[in-house]
Every structure is written in structure tokens, then in C-alpha cells.
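Colleague: I am attaching a structure below and will ask some questions about it afterwards.
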Amino acid sequence: MKRLSILFILITLNFSTAFAEKLPAGIIKTPPFEAPVLKISDIDGIPFNPSEYQGKWFFVHFWASWCVPCRREVPAIQKMWQVMQEEGLALAFINTSEDEDTVFSFLSIHAPELRALMDNDGQVTEMWQPRGLPATYLVDPKGIVRYQALGGREWHTPNYINFLRSLLKP
């Protein structure tokens with residue numbers, strides 16, 4: 001019986017390790033929870049309507065221009081977005097508590113194609129409760145948060161692109 005228990009533990013560890021290796025570095029599978037509402041407007045004051053993207057995987061990203069890892073990550077997100085928007089990934093690119101001039105100046109240089117959503121008072125960020133910036137949540141088509149990434153990632157590299165593509169497959 002002892003041998004059987006040890007064998008079961010080894011098989012379980014190997015299965016867990018094999019599954020964990022499929023996730024790119026820094027991507028964490030989270031206990032599923034319903035994504036908080038994204039009631040927010042973009043840099044031009046146009047309300048963001050998440051229902052337009054219903055039934056799609058959502059890449060929800062919190063950032064700020066003063067955050068050094070964010071500054072390095074934003075160009076990678078733009079490159080990823082240039083590929084993934086055509087494949088059906090939705091994006092909510094949320095700036096946390098900065099003014100429009102700061103965000104506009106930063107994005108005009110580093111990621112002019114990204115639509116910045118403005119969490120001017122920090123209330124949307126508070127609802128999502130990231131443990132720091134940058135923070136990314138991957139929300140499934142039913143509105144359930146499935147994955148999280150804390151800290152900057154090279155989202156434009158094949159490892160992350162392939163992972164995102166795997167989410168989009170039916």
C-alpha cells in the first residue's frame with residue numbers, strides 16, 4: 001500500500017509539473033472568479049463598452065507610465081496586440097490614476113495604437129485588486145478570470161503569443 005501511495009504521489013507530481021510547464025513564465029492559473037465590471041472611459045472620454053466583446057477572451061491590463069516594468073512592457077503589448085486583435089482577443093488597457101496629458105505623451109512614443117482606458121480615480125483598479133503594477137488578467141468568454149500575470153512580460157514573444165492563441169481555440 002505504501003508503494004502504491006508513493007507511486008500515486010509521483011504520478012500526480014509529474015502531471016502537475018507537466019501541466020505547469022505549458023504556462024509561460026509568470027502566468028498563474030487563478031481560482032476562477034467573476035471579472036469585476038469595467039465601467040470606464042477611454043482617454044477621449046468615450047465610454048468603454050465591454051458587451052461589444054462578449055464571448056471573447058479578454059486581456060485586462062493595468063499599468064502606469066511611472067512604473068518601470070510597465071514602461072518596458074507596453075511596447076511588447078502593442079506588438080502582441082497587432083497580432084492578436086485580428087485573431088479575436090479583446091483588450092482593456094487600463095491606466096491607473098494618471099492624467100490624460102501624461103498618458104497621451106507616453107503612449108504617443110511607446111504604443112500609439114493602444115486605446116488607453118482611464119481609471120482616473122483608481123476605483124476600477126480597486127475593484128480588480130492587483131497586487132502591484134503591471135498586472136494582467138485573462139478573462140474567459142463567460143466573464144470568468146482564469147489567469148493572472150504580475151510584473152512585466154514579453155507578451156510579443158512566441159511563448160506568450162502561442163499561449164494566447166491556445167486560449168482562443170474553440
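The values are calculated or read from the model by the stated rules, or taken from the named source; none is laboratory data. The structure presented is a predicted model; accordingly, all values stated were derived computationally and were not measured. Ideal geometry is used to build each Cβ from the backbone, glycine not excepted, and the neighbour counts take in all protein chains shown. Keep in mind that these areas ignore ligands, DNA and RNA; they rest on the heavy atoms of the full protein, side chains included. Shrake-Rupley method; radii C 1.70, N 1.55, O 1.52, S 1.80 Å.
Colleague: I'd like to know which of Trp155, Ala92, Pro130 lies farthest towards the positive end of the charge dipole of the range 80-170, counting +1 on Cβ of Lys and Arg and -1 on Cβ of Asp and Glu.
Modeller: Trp155
Colleague: Rounded to the nearest whole Å², what accessible area per residue is found for the chain with the 1.4 Å probe?
Modeller: Result: 58 Å² per residue.
Colleague: Using a Förster distance of 25 angstrom, determine the FRET efficiency expected from the C-beta separation of Asn120 and Asn162, and round it to 0.05.
Modeller: Between Asn120 and Asn162 the formula returns 0.10.
Colleague: Further, regarding this structure: Please report the net charge: other residues with Cβ closer than 14 Å to the Cβ of Thr30, K and R +1, D and E -1.
Modeller: Overall, the nearby charge balance is +1.
Colleague: Right, something else. What stretch of the chain, leaving out the sites themselves, is the longest with no trypsin sites (Lys or Arg not before Pro) in a DSSP loop having at most 11 other Cβ atoms within 10 Å?
Modeller: 23-130
Colleague: Here is a further query. All other residues with a Cβ under 10 Å from the Cβ of Phe106 taken together, and with Lys, Arg as +1 and Asp, Glu as -1, what is their net charge? Let's see the in-between values first.
Modeller: Numbers: positive: Arg71; negative: Glu98, Asp101.
Local net charge: -1.
Colleague: If you line up the long axis of helix 158-168 against the longest principal axis of the chain, both from Cα atoms, how many degrees apart are they, to the nearest 10?
Modeller: The answer is roughly 90 degrees.
Colleague: Further question on the same structure: Using θ = phi - 60° and the Karplus curve 6.51 cos²θ - 1.76 cosθ + 1.60, what whole-Hz ³J(HN,Hα) does each residue of the range 31-47 get, with Gly and Pro shown as x?
Modeller: Couplings: x, x, 8, 5, 5, x, 5, 9, 9, 7, 10, 7, 4, 8, x, 7, x Hz.
Colleague: Can I ask one more? Straight-line reach from Lys56: which lysines have Cα under 28 Å away, leaving out those fewer than 8 places along the same chain?
Modeller: Within the straight-line cut-off, Lys56 pairs with Lys22, Lys29, Lys39, Lys79, Lys142, Lys169.
Colleague: Considering amide H positions built from the backbone, and no H for Pro or chain starts, which residues 5 or more places from Ile40, or on another chain, come under 5 Å of its amide H?
Modeller: Residues meeting the amide H criterion: Phe48.
Colleague: Could you list the residues of the range 61-77 with an amide nitrogen less than 20 Å from a label point located 7 Å from the Cα of Glu100 in the Cα-to-C-beta direction?
Modeller: Under cut-off, by backbone N: 63-66.
Colleague: When the accessible area of the range 49-141 is computed with all protein chains present and a 1.4 Å probe, what percentage of it is carbon and sulfur? Numbers along the way, then the final one.
Modeller: On the way: 2100 of 4340 Å².
C and S fraction of accessible area: 48 percent.
Colleague: Which value, in debye to the nearest 20, gives the size of the charge dipole of the chain about its Cα centre, when Lys and Arg are +1 and Asp and Glu are -1 at the Cβ?
Modeller: Numbers: 16 positive and 18 negative charges, 265 e Å.
Once rounded to the nearest 20, the dipole reads 1280 debye.
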